[in-house]
Structures are given as structure tokens and as C-alpha cells.
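Have a look at the structure below before the remarks.
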Amino acid sequence: MAELAQCADYAVSEGNSKGRRITEARPFARNEFQRDRDRIVHCTAFRRLEYKTQVFVNHEGDLFRTRLTHSLEVGQIARSIARALRLNEDLAEAISLSHDLGHTPFGHAGQDALNACMNEYGGFEHNLQSLRTVDLLEERYGAFDGLNLTYETREGILKHCAIRNAQALGDLGQRIIDKTQPSLEAQICNLADEIAYNNHDVDDGLRSGLVSVDQLEDVALFARHANEARREYPGLSGRRLIHETTRRMINAQVIDLIESSSARIAAAAPASLADIHRATPLIAFSASMAAENRALKGFLRDNLYRHYQVLRMTNKANRIISDLFGAFMGDPRLLPPQYQARAAGPAPDAPWGPDAKARSVADYVAGMTDRYAMREHRRLFAVGEI
Ligand code: MG
């Protein structure tokens, strides 16, 4: 078992944390970042991740990744990397588990559709919506809205957003305006997210039959590890070949990231968290792995995300989201009571304003799971459905 090492001086800690927006008593028997993680796991938006997808729609098959299993994979990868680099594992886990909380139903198609609907009303960004979820929308405490997470977890969740929105976020947005770096833990989650989805999209793409092993032999990262697996287990094929290959790909990317980041950190010699913010990004693949990773992403974009069967679903998702948005904007009385109340309430401040009705409709639609959005669409548009 890898020993628990003391964290580096430039890791985020309770000592250098900017704390919570509302001061609370110290937690018992866990640290502040473990408390963040626990609050995230218990929140409503986290449970909804089970029925939200990235590429495939939730009802298409029980074995495809959902945003919940994706977030768990990101958490696992991020923790391993954080531990190896003597960084704050608990923070890396908290950011990983919450990084997709603000995602709409139907993956990127849903986000693009909702952003288009919100064009005149300040737009819709999923990272910003994840922050809105943990800062405002979760209703779990008597004393405050949201989950009152630590600054560092919120910084990791926000990742990036439009400059005009960053300007309205105070301290948290300043980093985006100044173009300085977030914590190394946040940087790790970014890359762990990429490692997780590139590799599970290969696996899900193959399982769905939309891409083939034959096609993937053109992708260097896949071919190299598939050949290695075949050398070790001659005659290996089918699911075992795919899994032997993808787990080697994940492992190679994680090891590369640890080694390359370690070298960058050593060269930059940061002494404190403040040095991390001022430095160039220190968590990065080596140049050769970055190139292989880009090639894999390019393959997935051309062959999976733009596959005609995926595009058909994208098209349908677009229609469902814009129909729902249009119906609720046309008559907010169709919204559940708490969303009606917010729609009729005061105009929200930037970056959520200025239209209370549009923002409340966006919150409601963004919170839907894939199947809930399809059901709502039937309820509102199919005669004979209730
Ligand atoms: Mg993700």
C-alpha cells in the first residue's frame, strides 16, 4: 500500500485555504475538504448524475457511462495523481465529484441548445451552472443557500467561464481575468476528466458498435497498448482485448502525467500556494503524450461524436431542450411552484441576470435528467399524455 505522505507546502491545506463564504464550526473527525466531498455526495444534483449522459443517452444501454460513473472515475484518477504528487487528495476528490453537477440533460448537445435558448438572457455555461448549483440551488441548510463549500472546491468547479461572467464573481473570477492558475489539485481534476472520458468513450464507443477496433488501430495510443496486450496474451480478442488496452492507456496517461508534472514542479520550485497561482500550468502531459492524446480526441470527435447515430440523438436533444424552454417561457405557470416563485422574483444579479424568468427556466431545464426531460416533453406536447 502506498504510504500517506505529508502534503507539499504548495498543496492546498486547511492552513492556506480561503475558507467558506459563511463561517462554520470546524468539522469533527474529518477535514474541511472531506466535509465538502461529503456534502457533494449527499446533494440532490449528485444523485441526478446517474441519469445524465455525456455521449450516449441514458436509456440506450445499462453499461454505458453516465455522469455519475464518469465522476467516480475522475475522482479515482485524480486521487491517485494527487497522492503521488503529495497534493490534497480530499480536495481533488471533492472537485472531481462535483465538476459535472451543472450539466444539462443530453450532454454537450443539451448544453449547446440551452446556451442558444439563453442567448438574450446572459447565456448558459455548464461550469458556471455547477457553481450555481453548489452556491445557490441546493436547498439543504437552514442557515444558507447551497452547500457553502470551501473557496478551493468552488475554484476547481468553476474551472473557466466567460470574462464578462468572471467579472461578476469577485475573488473567484479574478483568476480568470488575471489569467493566473488555480490550485494544482484543480489542474489535476481537469486532466483526470480528460483521461477518464477519452478512455471510457473508446470503451463505450466500441461497446455500442459505432467504432471498431480496426478503426482504432490507426490511433497510436490505442495501437501501441493493444499490441502490447496481444504480445502478452497471444490470441486475446473481444472484450478482454478492449479492457486490457483501455486500462493500459489510462495507466500510461496517469504515469506520464505524474512524471511530467513532477519534473515541471521541480523546475518551477514553488514554495507556497501563491507560487502555484503565479506559475505556468504545472500539471501537464509530456509533449509526446499530449500529441497522442490530441490524436485520440480527434479520432473520437470525427468517428464517435459526429457519428450519424449520435448526431440524430443530438438533433433530438436540441429539439427537446428548445421546446421545453419555449413552453416554460411562454407560460411560467407550467413550472413547478418553486421555479414559478423564482421566475416571478427579483431580477438576479450578474452573472445570472437580468431576467428572473429565463434564469429560472434554465435552472429547471438544466436540472433535468435525460429521461425526465423526455417525459416532460411528452407531458407538455403529446396529446393523450398526462
Ligand atoms: Mg467531466
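The values are calculated or read from the model by the stated rules, or taken from the named source; none is laboratory data. Owing to the predicted nature of the structure, the values given are computational and were not obtained by experimental measurement. FYI the Cβ positions are ideal-geometry reconstructions off the backbone, even for glycines, and counts take in every protein chain you see. Heavy atoms of the whole protein, side chains included, go into the accessibility calculation; ligands, DNA and RNA do not. Shrake-Rupley method; radii C 1.70, N 1.55, O 1.52, S 1.80 Å.
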PHE325 vs. criteria more than 22 Å from LYS52 (Cα to Cα), open to solvent by less than 40 Å² (accessible area, probe 1.4 Å) and out of contact with any strand residue (DSSP E or B) (no Cβ under 7 Å at 6 or more places or on another chain): no
Hits in the range 31-53 (condition: closer than 15 Å to VAL134 by Cα and polar (S, T, N, Q)): THR44
Considering residues of the range 24-47 that are over 23 Å from the mean Cα position of the chain (by Cα) and not aliphatic (A, V, I, L, M) only, the residue nearest to ARG140 (Cα to Cα): GLU24
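Among the residues of the range 194-202, is any open to solvent by less than 10 Å² (accessible area, probe 1.4 Å) and among the β-branched types (Val, Ile, Thr)?
Our first condition is that a residue be open to solvent by less than 10 Å² (accessible area, probe 1.4 Å); within the range 194-202, this holds for 195-196, 198-202.
Checking which are among the β-branched types (Val, Ile, Thr) leaves us with 195, 202.
Yes, the range 194-202 contains a residue that is open to solvent by less than 10 Å² (accessible area, probe 1.4 Å) and among the β-branched types (Val, Ile, Thr).
In the range 150-174, which residue that is in a helix (DSSP H, G or I) and open to solvent by 30 Å² or more (accessible area, probe 1.4 Å) is nearest to the ligand (Cβ to nearest atom)?
Start the filter on the range 150-174 by keeping residues that are in a helix (DSSP H, G or I), which leaves 151-158, 163-169, 171-174.
Now restrict to residues that are open to solvent by 30 Å² or more (accessible area, probe 1.4 Å): 163-164, 167-169, 171, 174.
On the way: ILE163: 23, ARG164: 24, GLN167: 25, ALA168: 24, LEU169: 21, ASP171: 25, GLN174: 24 Å.
This residue is LEU169.
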Any chance GLN181 is of a type in the set (S, T, N, Q), more than 19 Å from the chain's Cα centre (by Cα) and away from the ligand (no atom under 16 Å from the Cβ): no
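Those residues that are in a loop (DSSP other than H, G, I, E, B) and modelled with pLDDT of 95 or more, I need them from the range 237-283; list them, please.
Going through the range 237-283, the residues in a loop (DSSP other than H, G, I, E, B) turn out to be 237, 269-272, 279-283.
Selection gives ALA269, PRO270, ALA271, SER272, ALA279, THR280, PRO281, LEU282, ILE283.
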Failed item in (1) open to solvent by 20 Å² or more (accessible area, probe 1.4 Å); (2) polar (S, T, N, Q); (3) in a helix (DSSP H, G or I), with THR180 passing the rest: (3)
Subset of the range 82-116 (residues that are within 19 Å of ILE40 (Cβ to Cβ), within 16 Å of the ligand (Cβ to nearest atom) and not hydroxyl-bearing (Ser, Thr, Tyr)): ALA92, GLU93, ALA94, ILE95, LEU97, HIS99, ASP100, LEU101, GLY102, HIS103
Near pairs, Cβ below 8 angstrom, 6+ apart or cross-chain, from the range 178-198 (among the acidic types (Asp, Glu)) to any residue that is away from the ligand (no atom under 16 Å from the Cβ): GLU185/ALA11; GLU185/VAL12; GLU185/ALA82; GLU185/LEU87; GLU185/ASN88; GLU185/LEU91; GLU185/GLU152
Those helices (runs of 4 or more DSSP H) lying entirely in the range 24-141 with at least 3 residues hydroxyl-bearing (Ser, Thr, Tyr): 67-84
Odd one out for LEU72 among (1) at pLDDT below 95; (2) within 15 Å of the chain's Cα centre (by Cα); (3) closer than 30 Å to ARG264 by Cα: (1)
Test for LEU221: is it of a type in the set (A, V, I, L, M, F, W, C), exposed (fewer than 13 other Cβ atoms within 10 Å of the Cβ) and part of a helix (DSSP H, G or I): no
Failed item, numbered, when ILE320 is tested on (1) over 22 Å from the mean Cα position of the chain (by Cα); (2) closer than 19 Å to SER183 by Cβ; (3) β-branched (Val, Ile, Thr): (2)
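Does ILE188 count as within 16 Å of the ligand (Cβ to nearest atom) and open to solvent by 10 Å² or more (accessible area, probe 1.4 Å)?
Working: within 16 Å of the ligand (Cβ to nearest atom): yes; open to solvent by 10 Å² or more (accessible area, probe 1.4 Å): no.
So ILE188 fails the test.
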